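Notes for the one structure printed next.
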Amino acid sequence: MNILLINHYAGSVHHGMEYRPYYLAREWVRAGHRVHIVAASHSHLRRQGPTMAGRDRLAEDIDGIHYTWLRTPTYAGNGAGRVRNMLAFVARLWREAPRLAQTFAPQAVIASSTYPLDIWPAHRIARLAGARLLHEVHDLWPLSPMELGGHSRHHPFIMLLQAAENHACRHADAIVSILPRVRGHLEARGMAPHKLHLIPNGVDPDEWPAAGTPPPADAPCRGPDVLPPAVAALLGRLRAEGRAIVGYAGSHGLANALDTLLDAAHLLRQRPLAFVLVGAGPEKDRLRRQARSLGLDHVHFVDPVAKRAIPALLARFDIAFLGWRRQPLYRFGIAPNKLLDYMMAGCPVLHAVEAGNDPVAETGCGVSVAPDDPSALAEGLARLMALDPRTRRALGERGRRHVLDHLSYPVLARRFLAVLAQETHHA
């Protein structure tokens, strides 16, 4: 099958996020399919962009996947520059539609750019090629910028986004959603019930060594020792001091509720705990100041580590933290990649959440508490620490087994292919 996947933000292990298109496409290629990814040249998610060298279009093969990068203007933040970048990509994609339909001859076209505007050029390509059209939902736009950003439903850009979402719901042959509680929302916008398929985010098991061998019951989370020396030294010193390590790895933004974690650390300052926050983000300096003002000498801020070092980092955590703000938008569900890494590492998870789903509670891999509540967070952490090491490890291994059985990219790619094959068969 020839599969054309359109994702503005698509990256690869060589470029950085967004990883999902790469991992799915790589599995499809391994299964004998031809895959063509079309992406924008500039994305705020990637650590390294393609080298366009003045070209409007760049074609390259990455691990058997054919990529086409379309030139788009650079931007920073979520203002007008990002909107111009989106519109430029969609316009370029519309102009490229006849060429893509003729030269690649896709049998399935997937529109998957977070925002839904790519559904129009994707639909055009599908019509020209006689292909089936799939729409993939990552976040709900325009609902996300309306509820998170406070934008009016009458704003022209929001109205354009709404028209695109409506078009996708009515005209796509199938809709794949990462979020598990979107059915009512999409049906209200014209989606027929039979079109929806839920395929969440996943992990690449090849990036997690020794996947089949459980660690000793009293060991920290698993992983090879490839950490930067300074990070390894810090974590080794904390363990030598007899401290249990509560870790977080990811962005330091308002949505990550790390200030609530700091308040909980203050409540537990007499316990033999160390809190290690790894990553970068717009709130990191403020969080550092908050920790200093509270006298939290047992809280340590660490620079980001490379993706390949994440298993080694999580191997040193006794408990992994994931927090959310109380936000009505989460009623449609959550699908955080960070949580999958925690689970794959076999770490018991402390989860502060109120959402349409809770993977930690559903899999029994940790303790879930209410968000935005330092006392509840401290109590949940105390509950985890009261467990003996063997019981804590059993929680972590439960999460890990769930990911291997249901959320690895080889498994998810087969599920996605079943949707593509089903819809292609109906053509």
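The values are calculated or read from the model by the stated rules, or taken from the named source; none is laboratory data. The structure displayed is predicted, hence computed values, not measured ones. No Cβ is skipped: glycine too gets one built from the backbone with ideal geometry, and neighbour counts run over all protein chains shown.
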Residue among E165, E136 that is in a strand (DSSP E or B) and either modelled with pLDDT of 95 or more or in the same structural domain as T103 (by TED's automatic domain parsing) (or both): E136
Tell me which residues, restricted to the stretch 291-345, are in contact (Cβ under 8 Å) with a residue 40 or more places away in the chain and among the aromatic types (F, W, Y). F317, F321, W324, F332, Y342
Determine which single condition G242 fails, assuming it passes every other condition in (1) assigned to a helix (DSSP H, G or I); (2) out of contact with any Lys or Arg (no Cβ under 7 Å at 6 or more places or on another chain). (1)
Which pairs turn up if I take residues in the stretch 42-56 that are touching a residue at least 24 places away in the same chain (Cβ under 8 Å) and look for partners that are aromatic (F, W, Y) and surrounded by 13 or more Cβ atoms within 10 Å (Cβ to Cβ) with beta carbon separation below 6 Å, at least 6 apart in sequence or on another chain? S43/Y9; L45/Y9; P50/W69
Need the failing condition index for L93 against (1) crowded, with 21+ Cβ neighbours inside 10 Å; (2) not in a helix (DSSP H, G or I); (3) not acidic (D, E), just the number. (2)
Consider E354 against the criteria (1) outside the structural domain of S112 (by TED's automatic domain parsing); (2) out of contact with any Ser or Thr (no Cβ under 6 Å at 6 or more places or on another chain); (3) more than 19 Å from G333 (Cβ to Cβ): it satisfies all of them except one. Which criterion is unmet? (3)
Going through (1) part of a helix (DSSP H, G or I); (2) surrounded by 14 or more Cβ atoms within 10 Å (Cβ to Cβ) one by one, M159 fails only at (2)
Enumeration of residues in the stretch 335-352 that are of a type in the set (A, V, I, L, M, F, W, C), more than 15 Å from R400 (Cβ to Cβ) and crowded, with 24+ Cβ neighbours inside 10 Å: L350, A352
Looking at A39, A10, A25, which one is assigned by TED's automatic domain parsing to the domain that holds Y115, modelled with pLDDT of 95 or more, assigned to a loop (DSSP other than H, G, I, E, B) and of a type in the set (G, A, S)? A10
Give just the number: which of (1) part of a helix (DSSP H, G or I); (2) of a type in the set (V, I, T); (3) within 30 Å of E187 (Cβ to Cβ) does I310 not satisfy? (3)
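This table checks each residue for (1) out of contact with any helix residue (DSSP H, G or I) (no Cβ under 6 Å at 6 or more places or on another chain); (2) among the small types (G, A, S).
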{"residue": "K284", "(1), (2)": "yes, no"}
{"residue": "L287", "(1), (2)": "no, no"}
{"residue": "L294", "(1), (2)": "no, no"}
{"residue": "A309", "(1), (2)": "yes, yes"}
{"residue": "D318", "(1), (2)": "yes, no"}
{"residue": "P336", "(1), (2)": "yes, no"}
{"residue": "L350", "(1), (2)": "no, no"}
Going through (1) modelled with pLDDT under 95; (2) in contact with an Asp or Glu (Cβ under 9 Å, 6 or more places away or on another chain); (3) farther than 20 Å from D373 by Cα one by one, V278 fails only at (1)
Which one is modelled with the highest pLDDT, of the residues in the stretch 42-59 that are of a type in the set (A, V, I, L, M, F, W, C) and either surrounded by 15 or more Cβ atoms within 10 Å (Cβ to Cβ) or assigned to a loop (DSSP other than H, G, I, E, B) (or both)? L58
For the stretch 357-369, which residues satisfy the criterion of being over 21 Å from V182 (Cα atoms) and without any contact (Cβ under 8 Å) to a residue 24 or more places away in the chain? V367, S368, V369
Among residues of the stretch 106-133, those that are outside any helix (DSSP H, G or I) and at negative phi, counted: 12
List the residue pairs whose Cβ atoms are under 9 Å apart, where the first residue sits in the stretch 181-192 and is outside the structural domain of N357 (by TED's automatic domain parsing), the second is among the aromatic types (F, W, Y) and at pLDDT below 95, and the two are 6 or more positions apart or on different chains. none
Take P142 and tell me if it is of a type outside the set (D, E, K, R), closer than 28 Å to Y330 by Cα, without any contact (Cβ under 8 Å) to a residue 40 or more places away in the chain and in the same structural domain as E18 (by TED's automatic domain parsing). yes
